[in-house]
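The values are calculated or read from the model by the stated rules, or taken from the named source; none is laboratory data. Fair warning: this is a prediction, and the values are worked out from it, not measured in the lab. Neighbour counts are summed over all protein chains in view; Cβ atoms, including those assigned to glycine, are modelled from backbone coordinates with ideal geometry.
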Amino acid sequence: MPAKLKFEKVEALREMISRTQAVFVAEYRGLTVAQITALRAQVRAAGGEMKVAKNTLMKIAMEQEGLPSFPDETAYGPNVFTLSYGDPVAVAKALRDFSKEKTNKAFVLKGGVLGQSLLGLEQVNALADLPSRDVLIGQVVRTIAAPIAGLLTVLNGPVQGLANCLNQLREKKEEAA
């Protein structure tokens, strides 16, 4: 009977992992219920979900989904796995910000998996430092539009100069008449 239950849990984890873009792992030992509830709300608002699961079951589910599993030194002890269904940067930011608060020192962010890449703590923090997806898209559009706007200004210059000259000639003729 226990083996069947474990297969069902692995299958449920696989289904969740198949929809994610990133998985983060952190140790939550020592957090109060209020703190973990607040963290879950922040993660949910960022487009993620937190799941407490046995390390071996999560490792099996990740391997079956073709993702690299966390090393044994990372996936050791009581861990909470955060699955990012939306923007992984927003979820990483929520986790990092929560772990940096003075009252939440018991929450230890350990690492993550983004796509097929295994991330260490430094890389998760670097991911959290990135601007959100919408801001990055805006920066790319601005970068692409800047040369075009400059070209239009340069091309518009002689035409506008001619229009100013003709306007001044018209004003002089009106004054003379």
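Looking only at the range 111-162, how many residues end up being over 22 Å from residue 55 (Cα atoms) and in contact with a Phe, Trp or Tyr (Cβ under 6 Å, 6 or more places away or on another chain)? Explain how you work it out, then say what you get.
The first filter runs over the range 111-162 and keeps only residues over 22 Å from residue 55 (Cα atoms), leaving 125-162.
Then keep just the ones that are in contact with a Phe, Trp or Tyr (Cβ under 6 Å, 6 or more places away or on another chain); that gives none.
The total comes to 0.
Can you go through 39, 83, 114, 95 and tell me which one is in contact (Cβ under 8 Å) with a residue 24 or more places away in the chain, within 15 Å of the chain's Cα centre (by Cα) and more than 19 Å from residue 131 (Cα to Cα)? Working first, answer last.
On the way: 39 fails: within 15 Å of the chain's Cα centre (by Cα); 114 fails: more than 19 Å from residue 131 (Cα to Cα); 95 fails: more than 19 Å from residue 131 (Cα to Cα).
Matching residue, one of 39, 83, 114, 95: 83.
Has the range 74-97 got at least one residue that is surrounded by fewer than 10 Cβ atoms within 10 Å (Cβ to Cβ) and either among the charged types (D, E, K, R) or more than 24 Å from residue 30 (Cα to Cα) (or both)?
Of all residues in the range 74-97, those surrounded by fewer than 10 Cβ atoms within 10 Å (Cβ to Cβ) come to none.
No, there is no match, as no residue in the range 74-97 is surrounded by fewer than 10 Cβ atoms within 10 Å (Cβ to Cβ) and either among the charged types (D, E, K, R) or more than 24 Å from residue 30 (Cα to Cα) (or both).
Looking at 139, 168, which one is more than 31 Å from the chain's Cα centre (by Cα) and at negative phi?
Working: 139 fails: more than 31 Å from the chain's Cα centre (by Cα).
Selected residue: 168, the only one of 139, 168 that is more than 31 Å from the chain's Cα centre (by Cα) and at negative phi.
Identify all residues within the range 100-124 that are surrounded by fewer than 20 Cβ atoms within 10 Å (Cβ to Cβ), touching a Lys or Arg at 6+ places or on another chain (Cβ under 9 Å) and in a helix (DSSP H, G or I); write none if there are none. Don't jump to the end; show me each part of the working.
Initially, the range 100-124 is screened for residues surrounded by fewer than 20 Cβ atoms within 10 Å (Cβ to Cβ), giving 100-106, 108, 115-118, 120-123.
The next check asks that each one be touching a Lys or Arg at 6+ places or on another chain (Cβ under 9 Å); those that pass are 106, 108, 120-121.
Selection gives 121 alone.
Out of (1) over 22 Å from residue 33 (Cα atoms); (2) of a type in the set (A, V, I, L, M, F, W, C); (3) touching a strand residue (DSSP E or B) at 6+ places or on another chain (Cβ under 8 Å), what's the single condition that is false for residue 137?
Of the numbered conditions (1) over 22 Å from residue 33 (Cα atoms); (2) of a type in the set (A, V, I, L, M, F, W, C); (3) touching a strand residue (DSSP E or B) at 6+ places or on another chain (Cβ under 8 Å), the odd one out for residue 137 is (3).
Check off (1) closer than 19 Å to residue 126 by Cβ; (2) at pLDDT below 85; (3) touching a helix residue (DSSP H, G or I) at 6+ places or on another chain (Cβ under 6 Å) for residue 70 and give me the number that stays unchecked.
Here residue 70 clears every test but (3).
Yes or no, residue by residue, for (1) at pLDDT 85 or above; (2) farther than 21 Å from residue 71 by Cβ; (3) of a type outside the set (Val, Ile, Thr):
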position	(1), (2), (3)
102	no, yes, yes
110	yes, no, yes
113	yes, no, no
126	no, no, yes
133	no, yes, yes
